[in-house]
Amino acid sequence: MNQRIEYYTKLVEKYKFLFSWVKLFYPKSKGIPIFYLLYFFFPQKILRINGRVPWPVHFTSRVLYYKNVSVGNRSAPGMNACCYIQARNSIKIGHNLRMGPGVGLISSNHNLNNYDTHTHDAPIRIGNNVWIGMNSVILPGVIIGNNVMIGANSVVTDEVGSNLIVAGNPLRIIREKEPYEGNTYET
(Lines give C-alpha, C1' and ligand atoms only; values in the text may rest on other atoms or scores of the structure.)
Protein backbone atom coordinates (compact mmCIF):
# COMPACT_ATOMS: atom_id res chain seq x y z
CA MET A 1 0.00 0.00 0.00
CA ASN A 2 2.79 2.45 0.90
CA GLN A 3 4.51 1.73 -2.41
CA ARG A 4 1.31 2.51 -4.30
CA ILE A 5 0.90 5.85 -2.50
CA GLU A 6 4.55 6.66 -3.13
CA TYR A 7 4.11 5.79 -6.82
CA TYR A 8 1.06 8.08 -7.23
CA THR A 9 2.73 10.87 -5.28
CA LYS A 10 5.72 10.78 -7.62
CA LEU A 11 3.45 10.56 -10.65
CA VAL A 12 1.43 13.61 -9.59
CA GLU A 13 4.61 15.55 -8.77
CA LYS A 14 6.03 14.65 -12.19
CA TYR A 15 2.95 16.08 -13.92
CA LYS A 16 2.11 18.75 -11.37
CA PHE A 17 1.85 21.38 -14.10
CA LEU A 18 -1.43 19.68 -15.09
CA PHE A 19 -2.81 20.06 -11.56
CA SER A 20 -1.59 23.54 -10.68
CA TRP A 21 -5.19 24.79 -10.89
CA VAL A 22 -5.94 23.12 -7.55
CA LYS A 23 -3.79 25.72 -5.76
CA LEU A 24 -6.40 28.35 -6.65
CA PHE A 25 -8.78 26.64 -4.21
CA TYR A 26 -6.20 26.57 -1.39
CA PRO A 27 -4.62 30.04 -1.07
CA LYS A 28 -3.11 29.23 2.34
CA SER A 29 -1.42 25.97 1.37
CA LYS A 30 2.10 27.09 0.52
CA GLY A 31 4.52 24.19 0.88
CA ILE A 32 1.85 21.45 0.84
CA PRO A 33 2.40 18.95 -2.02
CA ILE A 34 -0.20 18.97 -4.82
CA PHE A 35 -0.93 15.28 -4.19
CA TYR A 36 -2.45 16.21 -0.81
CA LEU A 37 -4.44 19.09 -2.28
CA LEU A 38 -5.92 16.75 -4.86
CA TYR A 39 -6.73 14.17 -2.17
CA PHE A 40 -8.74 16.71 -0.14
CA PHE A 41 -10.28 18.54 -3.11
CA PHE A 42 -13.42 16.46 -3.73
CA PRO A 43 -14.79 16.21 -0.17
CA GLN A 44 -13.78 19.75 0.74
CA LYS A 45 -14.43 21.81 -2.37
CA ILE A 46 -17.09 19.75 -4.20
CA LEU A 47 -19.04 18.22 -1.28
CA ARG A 48 -18.35 21.44 0.73
CA ILE A 49 -17.22 19.75 3.96
CA ASN A 50 -15.22 22.61 5.53
CA GLY A 51 -15.54 24.09 2.04
CA ARG A 52 -14.67 27.69 2.89
CA VAL A 53 -11.46 26.86 4.73
CA PRO A 54 -8.51 28.06 2.57
CA TRP A 55 -6.19 25.16 3.46
CA PRO A 56 -6.74 21.38 3.09
CA VAL A 57 -8.90 19.83 5.82
CA HIS A 58 -9.83 16.17 6.23
CA PHE A 59 -13.55 15.46 5.78
CA THR A 60 -13.82 14.04 9.33
CA SER A 61 -12.24 17.13 10.91
CA ARG A 62 -14.14 20.27 11.91
CA VAL A 63 -12.89 23.86 11.64
CA LEU A 64 -14.96 26.58 13.32
CA TYR A 65 -14.25 30.30 12.86
CA TYR A 66 -11.63 29.60 10.18
CA LYS A 67 -11.26 33.33 9.51
CA ASN A 68 -9.72 33.68 12.98
CA VAL A 69 -6.92 31.22 12.14
CA SER A 70 -3.66 32.43 10.64
CA VAL A 71 -1.42 29.68 9.29
CA GLY A 72 2.20 29.69 8.15
CA ASN A 73 3.73 27.74 5.28
CA ARG A 74 3.33 23.94 5.36
CA SER A 75 0.74 24.22 8.15
CA ALA A 76 -2.79 22.89 7.73
CA PRO A 77 -4.64 22.37 11.01
CA GLY A 78 -7.25 19.66 10.55
CA MET A 79 -5.49 17.93 7.68
CA ASN A 80 -5.43 14.73 9.70
CA ALA A 81 -8.58 12.78 10.60
CA CYS A 82 -10.99 13.73 13.41
CA CYS A 83 -9.37 17.03 14.44
CA TYR A 84 -11.39 19.83 16.04
CA ILE A 85 -10.26 23.42 15.58
CA GLN A 86 -12.35 26.10 17.31
CA ALA A 87 -10.92 29.58 16.80
CA ARG A 88 -13.52 31.83 18.41
CA ASN A 89 -10.70 33.83 20.11
CA SER A 90 -8.22 33.22 17.26
CA ILE A 91 -5.34 30.85 16.67
CA LYS A 92 -1.97 31.90 15.27
CA ILE A 93 0.14 29.10 13.79
CA GLY A 94 3.74 29.35 12.55
CA HIS A 95 5.43 27.43 9.75
CA ASN A 96 5.59 23.63 9.55
CA LEU A 97 2.93 22.53 12.05
CA ARG A 98 2.22 18.78 12.10
CA MET A 99 -0.85 17.47 13.92
CA GLY A 100 -1.81 13.87 14.58
CA PRO A 101 -5.38 12.61 14.31
CA GLY A 102 -7.92 13.67 16.91
CA VAL A 103 -6.10 16.85 17.99
CA GLY A 104 -8.20 19.65 19.45
CA LEU A 105 -7.30 23.36 19.32
CA ILE A 106 -9.86 25.14 21.49
CA SER A 107 -9.51 28.92 21.82
CA SER A 108 -12.59 29.61 23.95
CA ASN A 109 -14.46 27.92 26.80
CA HIS A 110 -18.11 28.19 27.79
CA ASN A 111 -18.88 30.73 30.50
CA LEU A 112 -19.21 28.88 33.85
CA ASN A 113 -22.28 30.93 34.82
CA ASN A 114 -24.03 30.97 31.44
CA TYR A 115 -23.42 28.01 29.14
CA ASP A 116 -24.91 29.90 26.19
CA THR A 117 -21.96 32.33 26.13
CA HIS A 118 -18.22 31.90 25.70
CA THR A 119 -15.27 33.38 27.54
CA HIS A 120 -12.99 35.94 25.97
CA ASP A 121 -9.48 34.48 26.22
CA ALA A 122 -6.09 35.24 24.70
CA PRO A 123 -5.46 33.53 21.35
CA ILE A 124 -3.60 30.25 21.01
CA ARG A 125 -0.11 30.83 19.56
CA ILE A 126 1.88 27.97 18.07
CA GLY A 127 5.47 28.50 16.89
CA ASN A 128 7.43 27.03 13.98
CA ASN A 129 8.33 23.34 13.57
CA VAL A 130 5.82 21.99 16.09
CA TRP A 131 4.50 18.43 16.24
CA ILE A 132 1.28 17.78 18.19
CA GLY A 133 0.65 14.09 18.88
CA MET A 134 -2.59 12.16 18.47
CA ASN A 135 -5.59 13.15 20.63
CA SER A 136 -3.82 16.06 22.31
CA VAL A 137 -5.81 19.13 23.34
CA ILE A 138 -4.53 22.72 23.31
CA LEU A 139 -6.64 25.01 25.52
CA PRO A 140 -7.33 28.78 25.36
CA GLY A 141 -4.49 31.26 25.72
CA VAL A 142 -1.70 28.68 25.37
CA ILE A 143 1.59 29.75 23.79
CA ILE A 144 3.78 27.02 22.31
CA GLY A 145 7.35 27.92 21.34
CA ASN A 146 9.40 26.82 18.33
CA ASN A 147 10.74 23.29 17.79
CA VAL A 148 8.35 21.53 20.19
CA MET A 149 7.01 17.97 20.24
CA ILE A 150 3.84 17.33 22.23
CA GLY A 151 3.22 13.66 23.04
CA ALA A 152 -0.03 11.83 22.30
CA ASN A 153 -3.02 12.35 24.63
CA SER A 154 -1.49 15.46 26.21
CA VAL A 155 -3.53 18.35 27.61
CA VAL A 156 -1.76 21.69 27.21
CA THR A 157 -3.04 24.35 29.62
CA ASP A 158 0.08 26.50 30.15
CA GLU A 159 2.87 28.01 28.07
CA VAL A 160 5.40 25.62 26.53
CA GLY A 161 8.90 26.99 25.87
CA SER A 162 10.96 26.33 22.75
CA ASN A 163 13.12 23.25 22.03
CA LEU A 164 11.21 20.87 24.29
CA ILE A 165 9.56 17.47 24.22
CA VAL A 166 6.51 17.49 26.51
CA ALA A 167 3.73 15.02 27.26
CA GLY A 168 1.04 14.05 29.71
CA ASN A 169 -1.95 15.26 31.67
CA PRO A 170 -0.86 17.31 33.50
CA LEU A 171 1.75 18.29 30.94
CA ARG A 172 5.37 17.85 31.95
CA ILE A 173 8.72 18.32 30.29
CA ILE A 174 10.21 15.03 29.11
CA ARG A 175 13.51 16.48 27.90
CA GLU A 176 15.09 19.20 25.79
CA LYS A 177 14.92 18.73 22.04
CA GLU A 178 17.80 18.96 19.58
CA PRO A 179 17.63 21.81 17.04
CA TYR A 180 15.29 21.19 14.12
CA GLU A 181 17.21 19.98 11.06
CA GLY A 182 14.44 19.63 8.47
CA ASN A 183 13.02 22.15 6.03
CA THR A 184 11.49 25.07 7.93
CA TYR A 185 9.29 26.24 5.02
CA GLU A 186 9.76 29.88 6.04
CA THR A 187 10.15 31.15 2.46
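The values are calculated or read from the model by the stated rules, or taken from the named source; none is laboratory data. For clarity, every value in this text was computed on a predicted model and none was experimentally measured. All Cβ positions, even for glycine, are placed from backbone atoms using ideal geometry, and neighbour counts span all protein chains on display.
Residues in the range 124-132: is at least one loosely packed, with under 15 Cβ neighbours inside 10 Å, outside any loop (DSSP other than H, G, I, E, B) and of a type in the set (K, R)?
Keep residues of the range 124-132 that are loosely packed, with under 15 Cβ neighbours inside 10 Å, which gives none.
Within the range 124-132, none of the residues are loosely packed, with under 15 Cβ neighbours inside 10 Å, outside any loop (DSSP other than H, G, I, E, B) and of a type in the set (K, R).
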Q) Out of all the residues in the range 42-54, which are hydrophobic (A, V, I, L, M, F, W, C) and surrounded by 16 or more Cβ atoms within 10 Å (Cβ to Cβ)? A) I49, V53
Q) Counting only residues that are among the aliphatic types (A, V, I, L, M) and crowded, with 16+ Cβ neighbours inside 10 Å, which one in the range 24-34 is farthest from H95 (Cα to Cα)? A) I34
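So which residues in the range 30-49 are free of Cβ contacts under 8 Å to residues at least 24 places away in the same chain and on the phi > 0 side of the Ramachandran plot? Walk me through how you get there before you give the answer.
From the range 30-49, those free of Cβ contacts under 8 Å to residues at least 24 places away in the same chain are 34, 37, 39, 41-49; that's our starting set.
Matches in the range 30-49: R48 only.
In the range 4-23, which residues are exposed (fewer than 12 other Cβ atoms within 10 Å of the Cβ) and either touching a Leu at 6+ places or on another chain (Cβ under 7 Å) or among the β-branched types (V, I, T) (or both)?
Selection gives I5 alone.
Filter the range 117-137 down to the residues that are farther than 24 Å from G182 by Cα and modelled with pLDDT of 95 or more, then identify the one that is farthest from the chain's Cα centre (by Cα). Steps first, please.
As a first pass, look at the range 117-137 and keep what is farther than 24 Å from G182 by Cα: 117-124, 135, 137.
Retained after the next criterion (residues that are modelled with pLDDT of 95 or more): 122-124, 135, 137.
Numbers: A122: 19, P123: 15, I124: 12, N135: 13, V137: 12 Å.
Looking at the filtered set, the residue picked out is A122.
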Q: Take the range 169-187 and flag every residue that is over 16 Å from N146 (Cβ atoms) and surrounded by 15 or more Cβ atoms within 10 Å (Cβ to Cβ).
A: L171
Q: Give just the number: which of (1) more than 23 Å from K28 (Cα to Cα); (2) assigned to a loop (DSSP other than H, G, I, E, B) does V166 not satisfy?
A: (2)
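State which residue is nearest to the chain's Cα centre (by Cα) when the search covers only the range 35-73 and only residues that are of a type in the set (A, V, I, L, M) and more than 20 Å from H95 (Cβ to Cβ). Steps first, please.
We begin by selecting, within the range 35-73, every residue of a type in the set (A, V, I, L, M); these are 37-38, 46-47, 49, 53, 57, 63-64, 69, 71.
Checking the rest, the ones that are also more than 20 Å from H95 (Cβ to Cβ) come to 38, 46-47, 49, 64.
Working: L38: 18, I46: 22, L47: 21, I49: 17, L64: 13 Å.
Once the filter is applied, the top-ranked residue is L64.
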**Q.** Conditions (1) in contact (Cβ under 8 Å) with a residue 40 or more places away in the chain; (2) under 27 Å from I5 (Cα atoms): number failed by V103
**A.** (1)
**Q.** Residue in the range 55-78 that is small (G, A, S), surrounded by fewer than 17 Cβ atoms within 10 Å (Cβ to Cβ) and either in contact with a helix residue (DSSP H, G or I) (Cβ under 9 Å, 6 or more places away or on another chain) or without any contact (Cβ under 8 Å) to a residue 12 or more places away in the chain (or both) present
**A.** no
